[in-house]
Each structure stands twice: as structure tokens, then as C-alpha cells.
Amino acid sequence: MGMHPSREAGDERDNRERKLERVRAGTAHAALVFDGDQCLGWAQFGSPEEIPRIKNRAAYDKAATSVPRWRIGCCYVGKGHRRQGVSAAALSGALDLIARLGGGTVEGYPEPADAVPAGFRYHGDLSTFEKLGFTRDRQLGKHRWVVSRRVRSTSA
């Protein structure tokens, strides 16, 4: 929920309830990776309106030249499942879903593996994004990058 628009005053519902409402309303998107009934990880994505809150926002806005159609805001892999391709599967799934939703420019905000421990790398690993065709645009803060790639539409 950290990248979605902030809570409104008086909104005391927990994050799980609020996220479920967004999913049902079609204002939350993610590619989930399952092993049977167990969710191993996911890649959250959405439009800039859906995911407006990104870290290092001042630095992002200062150097921005255009607005992407999509953002990959969070890439999470549960403990015990890291370094097994879950993140790459989640990102690939998100790119497939984005293609079905019309494609366009996609941005991510990953960090290099040697800079941030895996348990705190909620935005994905830089090398995983690069293996999936993303290119570095600019650096945000000490360890975070803006990466982007164009996704072709597969919608009819």
C-alpha cells in the first residue's frame, strides 16, 4: 500500500482491507507467483495515478523528462524463495499483463544486489530488470535507479 495514494483523514481500515478494495475496483495490479497454493512473491504495477508515491520523489521529479504509462512499484519475494527466479517470473508476468492492457513505457526503480540486502530490496534487483530488457535512465539517491523499457501491446 505504500506506493498507492495516501490514506484519507479518518481512514482507519487496515492495509489488507484497503488493498482488497483496490483489487476489486481494478485500481491495484500485480503479477503473483505461486507454487501450488503458496504465493512466493509478486510484482506490483500500475499507472502513475495508481502508484504515485515513489521513493526519492524530489530527485525523480527534478530529472523527469516524461511520464511513463506504467510503473513497477514493488517486487517482493518471500524469505526462503529468493535467488530461485521468483522475481524474474513476477516481472515477466507483470510485463505480459501490461502488454494485454495496451503496453507502453514501463518504469521500475530497482537497486543493485550488492548495495541492499535481499530482505530490504522491495523494488527489485537491478540485474533482473536489465535481463528483462530494461535500460538505466538515471540514478535516484545512492542506490536506486530509474529503469525503463517499452512494452508492445498484445490487446486486440
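Going by what's in this entry, would residue 47 be described as hydroxyl-bearing (Ser, Thr, Tyr) and either surrounded by 13 or more Cβ atoms within 10 Å (Cβ to Cβ) or at pLDDT 95 or above (or both)?
Values: hydroxyl-bearing (Ser, Thr, Tyr): yes; either surrounded by 13 or more Cβ atoms within 10 Å (Cβ to Cβ) or at pLDDT 95 or above (or both): yes.
Here the answer is yes, as residue 47 does meet what is asked.
Quick check, is residue 140 at pLDDT 85 or above and farther than 21 Å from residue 33 by Cα?
On the way: at pLDDT 85 or above: yes; farther than 21 Å from residue 33 by Cα: yes.
For residue 140, the condition - at pLDDT 85 or above and farther than 21 Å from residue 33 by Cα - is met.
In this structure, is residue 156 farther than 19 Å from residue 50 by Cβ, among the aliphatic types (A, V, I, L, M), exposed (fewer than 13 other Cβ atoms within 10 Å of the Cβ) and at pLDDT below 95?
Working: farther than 19 Å from residue 50 by Cβ: yes; among the aliphatic types (A, V, I, L, M): yes; exposed (fewer than 13 other Cβ atoms within 10 Å of the Cβ): yes; at pLDDT below 95: yes.
Answer is yes for this residue.
Residues in the stretch 26-46 that are assigned to a loop (DSSP other than H, G, I, E, B) and in contact with a Lys or Arg (Cβ under 7 Å, 6 or more places away or on another chain): how many? Break it down into steps so the answer makes sense when it comes.
Pass one, the stretch 26-46, residues assigned to a loop (DSSP other than H, G, I, E, B): 26-28, 36-37.
Now narrow it down to the ones that are in contact with a Lys or Arg (Cβ under 7 Å, 6 or more places away or on another chain): 28.
Residues in the stretch 26-46 being assigned to a loop (DSSP other than H, G, I, E, B) and in contact with a Lys or Arg (Cβ under 7 Å, 6 or more places away or on another chain): 1 in total.
Could you tell me which of the residues 60, 76 is modelled with pLDDT under 85, within 16 Å of the chain's Cα centre (by Cα), not polar (S, T, N, Q) and not in a helix (DSSP H, G or I)?
It is 76.
Condition check ((1) crowded, with 16+ Cβ neighbours inside 10 Å; (2) closer than 22 Å to residue 38 by Cα; (3) among the small types (Gly, Ala, Ser)) across all residues:
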position: 65; (1), (2), (3): no, no, no
position: 78; (1), (2), (3): no, yes, yes
position: 81; (1), (2), (3): yes, yes, no
position: 101; (1), (2), (3): yes, no, no
position: 106; (1), (2), (3): yes, no, no
position: 111; (1), (2), (3): yes, no, no
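Out of (1) at pLDDT 90 or above; (2) in a helix (DSSP H, G or I), the odd one out for residue 119 is which?
Only one criterion in (1) at pLDDT 90 or above; (2) in a helix (DSSP H, G or I) is unmet by residue 119, namely (1).
Among the residues of the stretch 123-156, what is the count of those that are farther than 19 Å from residue 90 by Cβ and either outside any strand (DSSP E or B) or β-branched (Val, Ile, Thr) (or both)?
Matching residues across the stretch 123-156 total 9.
Based on what the data block shows, is residue 105 among the hydroxyl-bearing types (Ser, Thr, Tyr), over 15 Å from residue 145 (Cβ atoms), at pLDDT 90 or above and not in a helix (DSSP H, G or I)?
Working: among the hydroxyl-bearing types (Ser, Thr, Tyr): yes; over 15 Å from residue 145 (Cβ atoms): yes; at pLDDT 90 or above: yes; not in a helix (DSSP H, G or I): yes.
Answer is yes for this residue.
Take the residues in the stretch 72-81 that are touching a strand residue (DSSP E or B) at 6+ places or on another chain (Cβ under 7 Å) and in contact (Cβ under 8 Å) with a residue 40 or more places away in the chain, then tell me which one is farthest from residue 27 (Cα to Cα).
Across the stretch 72-81, the extreme among qualifying residues is 81.
The values are calculated or read from the model by the stated rules, or taken from the named source; none is laboratory data. Computed from a predicted model, the values in this text were never measured in an experiment. When we count neighbours, we look across all protein chains shown, and the Cβ atoms used for this are built from the backbone with ideal geometry, even at glycine.
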